[in-house]
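K.L.:
Here it is, the structure in full.
Laboratory data are not the source of any read-out in this text; all were calculated from the coordinates shown. Keep in mind the model is a prediction, meaning the values are calculated, not measured. No Cβ is skipped: glycine too gets one built from the backbone with ideal geometry, and neighbour counts run over all protein chains shown.
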Amino acid sequence: MKVKSIFLIAAALMLISPCAFGTPFLVSDPYPADDKRVTKFLVTIDGTTRESAPAKNADGTLYLKYDLGDLPDGTYTLIVKAVNAKGQESSPATYSFKKMGGTVEPYTPPVPKRKIPPSRSYPGHLNK
C-alpha cells in the first residue's frame, strides 16, 4: 500500500509540475562539483541587473537557473556573469531570445544593411 501511495504522489507531481513550474527558465551548463568558487550570477536584461544564487544538482554541481516568467512578451538581450567569493566577475556571456507566452526561443538580431557609396574608380573601357 505504501509503494502505491508513493507512486500516486509521484504521478500527481508529474501532472502538476508543468502547470506549477511551467514558466520559462534560463539554465546554464553545470559547473564541476569541486568548483565551489561561484557564489552568485549577475543577470542583466535590457540594462537591469539582478543577482541570482546558483542552483545545485543532486551530484553537487552548481548551475544558473533564472526565471524568465515575469518578463512581458518581446525580444530581449541577456548578459550573464559568474561572480566568485572574491568578487571577481567572469567574462560576460550574451544571449538574445524572443519570449512569447510560456515559450522562449533563440533570437538572432538582423544585421543592418550597409550602404556602399558609389565608386568613381572604374576606368571604363580603354581603347588601345
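K.L.:
Multiplying the sequence separation of residue 42 and residue 100 by 0.36 nm and subtracting their Cα-Cα distance, what value in nm do you get?
P.N.:
On the way: separation 58, 0.36 × 58 = 20.88 nm, distance 2.38 nm.
The span from residue 42 to residue 100 would gain 18.5 nm if fully extended.
K.L.:
Something else now. Looking at 74, 93, 39, which one has the Cα that reaches farthest to the positive end of the dipole of region 24-106 (charges on Cβ: Lys, Arg +1; Asp, Glu -1)?
P.N.:
The listed residue farthest towards the positive side: 39.
K.L.:
If I take every Cα pair under 8 Å that is 6 or more residues apart in region 24-106, average their sequence separation and divide by the length, what percent do I get for the relative contact order?
P.N.:
31
K.L.:
Same structure, new question: Give me the Å³ per residue figure for the convex hull around the C-alpha atoms of region 39-118.
P.N.:
151
K.L.:
Taking the highest mean first, how do the peptides 90-96, 40-46 order by number of other beta carbon atoms within 10 angstrom per residue?
P.N.:
40-46, 90-96
K.L.:
Here is a further query. On full extension of the chain, what length is gained from residue 108 through residue 65, given 0.36 nm per residue of separation minus the C-alpha to C-alpha distance?
P.N.:
13.3 nm
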